[in-house]
Ligand SMILES: Cc1cc2nc3c(=O)[nH]c(=O)nc-3n(C[C@H](O)[C@H](O)[C@H](O)COP(=O)(O)O)c2cc1C
């Protein structure tokens, strides 16, 4: 029997199994980020589906910036009561829930022109072409504090931990990246300097939530383009995160909308795989740091997941689109019904009516 359905710990959190719902923006919150009945229902279904750890969709940490419509908010104390209801609901099914916190930045076309969008430097995002405002040190301090305050609220709301979104070309990822970060002060240049923003955020959060509260970090394995963040950089970042006391690292990449184009290709000495896009990258890191490593991206087949668990130190597996297609997937697998999930990885799950599987799951469309 594989270890996948055995309990395990991330920091002081005990999970009933090794499956994680990867952070998935639902586009179902109100305009100002508050909870709706639809959102509560999404989380109830995931918890009933026996997901060990549910990571929320990304929540914005300052009122004036959000990269997408209908995302959850965590920018003031007005959210605490409704999130207490959410965490209680999830805990009632013996699942754990962590809130993902993000500052979006230029990887957005949402309401561009109507707000100031921060960036490390004035370098347009490669996909959206959105140009941000190079942050002053005061603005850096403001965002660092905002991450910490949002984490304090998450703790007061009963979340079991927080996840810092440092992947997918969002603001923190851009600071880490030598392509997006052209700064000449102590936040740019060397990798040590490029890591400073993330580390300041981590340290400030830790101050407010205490030594025991789980803090997870989602990272990009590599930016997969010349001049971008390399896997060698990410390996160093992971070691640093381990040394400062981060509780788990999620190894991701910014390819899920376009994965079929890059699966099988080699970057930084490793190959993007069909089943578990970043498993080779995660496997290396899992040998190098003594922390739970979570792999995410392209996991749909329990046999492949078992194989990764058996042959690497990766012991946690996060899924996003498969759980949109089939929120009860983990329960089904645990009951021995092991067919692959009905997810075609078409990434059509983002709709104006909320994010759901338009191929296999039409009932949320109403
Ligand atoms: C609709 C949708 C919303 C997403 N929202 C987020 C998010 O809020 N935060 C995040 O880190 N990743 C987000 N992702 C990326 C996923 O967490 C995951 O990294 C990616 O989809 C690859 O995993 P999969 O192959 O299991 O879908 C989102 C993906 C989708 C499809």
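Over all distinct Cα pairs, what is the inverse of the mean 1/r for the stretch 238-281, reported as the Kirkwood hydrodynamic radius in Å? For the stretch 238-281, inverting the mean 1/r across all distinct Cα pairs yields 11.8 Å. Protection proxy ranking, highest mean first, for peptides 235-246, 8-19, 163-174: 163-174, 8-19, 235-246, where packing is the per-residue count of other beta-carbon atoms within 10 Å, averaged.
Order of 200-209, 21-30 by packing, highest average Cβ count within 10 Å first?
21-30, 200-209
Taking label positions 7 Å along the Cα-Cβ direction at both residue 45 and residue 112, the computed distance is 3.2 nm, reported to one decimal.
With contacts taken as Cα pairs under 8 Å and at least 6 residues apart, the stretch 186-336 reaches a relative contact order of 17 percent. So for the stretch 3-365: antiparallel DSSP bridges make up what percent, rounded to the nearest 5? Once the DSSP bridges in the stretch 3-365 are tallied, antiparallel ones form about 15 percent. Solvent-free Debye calculation, one equal scatterer per alpha-carbon of the stretch 3-365: log10 I(q)/I(0) at 0.10, 0.12 Å⁻¹ equals -0.55, -0.83. If R0 equals 30 Å, the separation of the Cβ atoms of residue 14 and residue 38 corresponds to a calculated FRET efficiency of about 0.50.
Relative contact order for the chain: what percent, with Cα pairs under 8 Å and sequence separation of 6 or more? About 16 percent, as a whole number. The stretch 34-79 gives an Rg/Rh value of 1.02, both radii derived from C-alpha positions and Rh following Kirkwood. For the stretch 298-366 versus the stretch 233-277, the inter-centroid distance based on Cα atoms is 19 Å. Classify the stretch 260-359: rounded, prolate or oblate, from the alpha-carbon gyration tensor (a ≥ b ≥ c, eigenvalue square roots; a/c under 1.5 rounded; otherwise prolate if a/b is larger than b/c)? Cα axes put the stretch 260-359 in the oblate bin. For the listed peptides 49-59, 256-266, 152-162, a ranking on the average number of other beta carbons within 10 Å per residue, highest first, reads 49-59, 152-162, 256-266. For the stretch 109-127 versus the stretch 12-69, the inter-centroid distance based on Cα atoms is 25 Å.
Placing a pseudo-label 7 Å from each Cα along the Cα-to-Cβ vector at residue 287 and residue 82 gives an inter-label distance of 4.7 nm. How many percent of DSSP beta bridges within the stretch 197-293 run antiparallel, rounded to 5? That works out to approximately 25 percent antiparallel. Gain on full extension, evaluated as 0.36 nm per residue between residue 182 and residue 226 minus their Cα-Cα distance, stands at 14.3 nm.
Values quoted throughout were computed directly from the atomic coordinates according to the rules given, and no laboratory measurement underlies them. Worth saying up front: this structure is predicted, and the values here are computed from it rather than measured. Cβ atoms come from the backbone with ideal geometry, glycine included; neighbour counts cover every protein chain shown.
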